[in-house]
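Chemist: I have a structure here, written as structure tokens, and I will follow up with some questions on it.
The values are calculated or read from the model by the stated rules, or taken from the named source; none is laboratory data. As the structure is a computational prediction, the values presented were derived from the model and not from experiment. In this analysis, Cβ positions are derived from the backbone assuming ideal geometry, glycine residues included, and neighbour counts consider all displayed protein chains. Ligands, DNA and RNA are stripped out before the accessible areas are found, and what is left, the full protein with its side chains, is counted by its heavy atoms. Shrake-Rupley method; radii C 1.70, N 1.55, O 1.52, S 1.80 Å.
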Amino acid sequence: MITIKDIAKEAQVSEGTVDRVLHNRGGVSKRTEAKIKDILKKHNYSINPVASALASKNKYTIAVLIPEHSDFDIFWKSPYLGILKASNEFNSFGIQVTVYRFDQYDSSSYTSKFKSMLHSNPSMALIVPLFINETKLMITELEDSNIPYVFMNIDLEGFNNIAFTGQDAYTAGYIAAKLMHSGGQSDAKYLIVYSEHNLTVNNTVLRRIKGFKDYFESQELYDAPLSLRVHDFSHMDATAETVNTFLSDHPSIHGIFVPSSRINRIVDCIDPLILNKYKLIGFDNTPPNIACLENETVSFLISQKPFDQGYESIQLMADYLIKKKIPHGKIYLPIDILTKENVRYNDRNALQFEVEHL
């Protein structure tokens, strides 16, 4: 007897996509929907009413609190797509996922969306804990309501989250330093560029910086990396002036490390006449960063598998709710080093899902 898994394999889509078509829940492109319906018709497939009844007995809700994505900050699109893919696949098992998206530059937006999330009384919550002080207050309310929660992308200590999914940020920073130092000149100096916003609210960025600095300390190199804090990567004129003035004042700098997804903004800031002097390393395979890698203005990108962060977070929460499976505390995803030659092979799952649904 043919199964949903068989249909999905033949259509080259996920099982969740087939399930959405079967139950007319939308969210699938017309072309993909027509393809799946043709295969269903060919095999004379019909829904198993017993299995459907079993799935309807247990209903669980997962609330997700995640930053919005935009053309300026495209990074959060990938984990969002991973969450949607997992939501599609686990919906037939009685898992309902609701996403609450907040402005990552506005703590009041974070708090407001949390209140909406809490008001829905979810079975579990998945949170990107971007604002530390606000998170402390929010988690108290979650725990008072006996709602278990998982942190994604940003790993905060001192909380009772049942799991964390994301990157080992310290090790990623350490690896970035090793890449930077490899093949470098003996008298070369290196620069870390970060924004005030990143340093204030993002614990992941702080741990990457620490890992980067610790590498040089472990090598007993006397010249520690220099640091430059810019006000805001979105203010390009001011950032360009700050960066170029600093580089002019420190001619021995040969490498620049940006511990966030903004490496492309630094590329745009640096005078093109001197850009090829520097080895640049940053994070995340966003389209603007990929363009920089392919035109060789950036040497390496380090991927934190954002699509997989979203997908695996929902998967482990579904296992916790359905199978009562307790996750291991920290779910660290692979640290991928991306080059011009391999970047197009990274995150193919995200690209396929986006094609199917958008």
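Chemist: Considering only the range 127-164, how many residues are open to solvent by less than 10 Å² (accessible area, probe 1.4 Å) and in contact with a Lys or Arg (Cβ under 8 Å, 6 or more places away or on another chain)?
Modeler: 2
Chemist: Here's something else I'd like to know. So, of the residues in the range 152-182 that are aliphatic (A, V, I, L, M) and part of a loop (DSSP other than H, G, I, E, B), which turns out to be nearest to the chain's Cα centre (by Cα)?
Modeler: For the range 152-182, the residue satisfying everything is Ile154.
Chemist: Same structure again: I need the full set of residues from the range 128-151 which are more than 22 Å from Gly94 (Cβ to Cβ) and either of a type in the set (Phe, Trp, Tyr) or not in a helix (DSSP H, G or I) (or both), in order please.
Modeler: Val128, Pro129, Leu130, Phe131, Phe151
Chemist: Let me ask something additional. Select from the range 60-85 the residues that are surrounded by fewer than 23 Cβ atoms within 10 Å (Cβ to Cβ), hydrophobic (A, V, I, L, M, F, W, C) and not in a helix (DSSP H, G or I) and list them in ascending order.
Modeler: Phe72, Ile74, Phe75, Trp76
Chemist: Could you check the range 19-46 and list, in sequence order, the residues that are among the polar types (S, T, N, Q) and part of a helix (DSSP H, G or I)?
Modeler: The one that is among the polar types (S, T, N, Q) and part of a helix (DSSP H, G or I): Thr32.
Chemist: Another one. Filter the range 271-326 down to the residues that are touching a Phe, Trp or Tyr at 6+ places or on another chain (Cβ under 6 Å) and not aliphatic (A, V, I, L, M) and list them by number.
Modeler: Within the range 271-326, Asp284, Thr286 meet the criteria.
Chemist: Restricting to the range 1-39, what's the tally of residues that are open to solvent by less than 20 Å² (accessible area, probe 1.4 Å) and free of Cβ contacts under 8 Å to residues at least 60 places away in the same chain?
Modeler: Selection size over the range 1-39: 7.
Chemist: Residues being farther than 17 Å from Val267 by Cβ and open to solvent by less than 60 Å² (accessible area, probe 1.4 Å): count how many of those fall in the range 219-228.
Modeler: Residues that pass the stated criteria total 3.
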